[in-house]
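The values are calculated or read from the model by the stated rules, or taken from the named source; none is laboratory data. A quick note: this is a predicted structure, and the numbers were derived from the prediction, not measured. Cβ coordinates were reconstructed from backbone atoms using ideal geometry, including for glycine residues, and neighbour counts include every protein chain displayed. Ligands, DNA and RNA are excluded from the accessible area calculation, which covers all protein heavy atoms including side chains. Shrake-Rupley method; radii C 1.70, N 1.55, O 1.52, S 1.80 Å.
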Amino acid sequence: MSRAAPSAIEAGIPVFHVPLGTESFFARHWGMKRDTAGVVRAIQAGRVVKSDVGVCNDRAFLLMCSAGPDASITARVDANRRATGRASGHAMYVTPILH
C-alpha cells in the first residue's frame, strides 16, 4: 500500500486495499475484506470516500507514520522479511522488540 499510494493519489485513482499481511489497519478502518465477493461488491457499488493524506520526508502515507522505537522495530521486521522471503507474522516482531 505504501508504495502504490503516491501513484494512486497523483492519478486520482480510488484505492481498495485487500488485506493479506499480519495486520492491515487501513483495511480494517475502512471495512475492506479479502474475500472476492466483498471486493466485487465494493467495485460495483462505486462508492468512494475521500481521506486526508499525510506526507513525511516527501513520502505520502494514508494511515500512520511511525517514529522512534516503533519505526525502528518496523524497519527491522521489514528488513528480515525481505531477507528471508517469509511473510510476516506476529512472531517476527519478538527479536526486533527485544533488541
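At a 1.4 Å probe radius, carbon and sulfur cover how many percent of the accessible area of the chain?
Numbers: 4340 of 7630 Å².
Carbon-and-sulfur percentage of accessible area, whole number: 57.
At 1.4 Å probe size, with every protein chain present, just tell me what the per residue accessible area of the chain comes to in Å². List each step's numbers first, then the result.
Numbers: 7630 Å² over 99 residues.
On a per-residue basis, 77 Å².
Chymotrypsin sites (Phe, Trp or Tyr not before Pro) within region 9-85: which are DSSP loop residues with at most 13 other Cβ atoms inside 10 Å?
Numbers: sites: F16, F25, F26, W30, F61; in loops: F16.
Hits after loop and neighbour filter: F16.
DSSP loop (so not H, G, I, E, B), at most 10 other Cβ within 10 Å: list which trypsin sites (Lys or Arg not before Pro) in region 27-60 pass both filters.
Values: sites: R28, K33, R34, R41, R47, K50, R59; in loops: K33, R34, R47, K50.
Of the trypsin sites (Lys or Arg not before Pro), the ones in loops of region 27-60 whose Cβ has at most 10 other Cβ atoms within 10 Å are R47, K50.
Restricting everything to alpha-carbon atoms, can you work out Rg to Rh for region 5-73 with a Kirkwood hydrodynamic radius?
With Rg and the Kirkwood Rh in hand, the quotient comes to 1.00.
Grab the DSSP H runs of the chain that are 4 residues or longer, score each as -39,500 (n - 2.57), total them, divide by all residues and round the 222 nm result to the nearest 500 deg cm²/dmol.
Details: 5 runs with 44 residues, N = 99.
So the calculated ellipticity at 222 nm is -12500 deg cm²/dmol.
Relative contact order of region 14-99, please, whole-number percent, based on alpha carbon pairs below 8 angstrom and at least 6 residues apart. Each step should come with its number before you reach the end.
Working: 51 pairs, mean separation 20.5, N = 86.
It comes to 24 percent, rounded to a whole number.
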